[in-house]
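J.: If you scroll down you'll find the structure; I have some questions about it.
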Amino acid sequence: MSTGLIIALIVIVAVVVAVAAVLTLRARGPRHGASLKRRFGPEYERAVARHDGDAKAAERELSERVERHGSLQVRPLEPAERERYEARWTAAQERFVDAPREAVAEADRLIAELAGTRGFPAGGQYEEQVAALSVHHAHHVEGYRRVHRVAQAHPEGAHEGAAGTEDMREAMVEARALFEELVRPSRHDGGHRAAAGERTAAPATRRDGHRTPSLLHRRQAKES
């Protein structure tokens, strides 16, 4: 076989492989995007909006997050740890009556600390922590972003009065959903830990479900 024929065969094989790869990627693309959309929910739409409607760019970003953080092993909480975190969150909500900004700042710190305790990136790595949380708690991570933005806002730049207080209250309520997911026992915690955690977590969840909305009403009544 001549050298020219061998080279021609190699080129043909390379072209065939390349075409097959492209066709495979095209066939897999929509399914991959649909899988990411199911997994990330509102976080998928947020990523697309951040990329000015470029779904492919958003999907690349989300795929990179899954690659970095998808195998993260969440550390279970001991019952005593769970009780301490729940008590601190309840205290932050009660503090909202007289010091809403300080309460929001405490909620921000508390979620960051709780996430670190459970095995997510910690030590001031806010962006990386949020990215990891978005992989495992995509439907509630935006609440953490919101409470963090409010907590980081300079007091002099914040809007005073009812609107500002309402924004902070809504941030607390939205962030609470992520807090409750992080503090409750996961399916990986083991039977005896889960049972112990349910006994301590359930009452706090029932209390919290009605406490925060009433804080604003109590504050308004106090000021009137």
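J.: Quick check on region 114-150: of everything there that is part of a loop (DSSP other than H, G, I, E, B) and open to solvent by 60 Å² or more (accessible area, probe 1.4 Å), which residue is nearest to Ala80 (Cα to Cα)?
T.: Let us first name the residues in region 114-150 that are part of a loop (DSSP other than H, G, I, E, B), namely 118-125, 137-140.
Cutting the leftovers down to open to solvent by 60 Å² or more (accessible area, probe 1.4 Å) gives us 123-125, 139.
Numbers: Gly123: 23, Gly124: 25, Gln125: 26, His139: 27 Å.
Looking at residues that are part of a loop (DSSP other than H, G, I, E, B) and open to solvent by 60 Å² or more (accessible area, probe 1.4 Å), I get Gly123.
J.: Take the residues in region 35-74 that are under 16 Å from Glu127 (Cβ atoms) and of a type in the set (D, E, K, R), then tell me which one is nearest to the chain's Cα centre (by Cα).
T.: Here is the first cut: in region 35-74, the residues under 16 Å from Glu127 (Cβ atoms) are 43, 46-47, 50, 61-62, 64-65, 68-69, 72.
Within this subset, residues satisfying the condition of being of a type in the set (D, E, K, R) are 43, 46, 50, 61, 64-65, 68.
Values: Glu43: 9, Arg46: 12, Arg50: 16, Glu61: 15, Glu64: 16, Arg65: 12, Arg68: 15 Å.
Out of the qualifying residues, it is Glu43.
J.: Check Arg84, Arg60 and return the single one that is closer than 15 Å to Ala115 by Cα, open to solvent by 30 Å² or more (accessible area, probe 1.4 Å) and not β-branched (Val, Ile, Thr).
T.: Working: Arg60 fails: closer than 15 Å to Ala115 by Cα.
The conditions single out Arg84.
The values are calculated or read from the model by the stated rules, or taken from the named source; none is laboratory data. Model, not experiment: these values are computed from the prediction. Ideal geometry is used to build each Cβ from the backbone, glycine not excepted, and the neighbour counts take in all protein chains shown. Note: accessible area is taken over every heavy atom of the protein model, side chains too, but ligands, DNA and RNA are not part of it. Shrake-Rupley method; radii C 1.70, N 1.55, O 1.52, S 1.80 Å.
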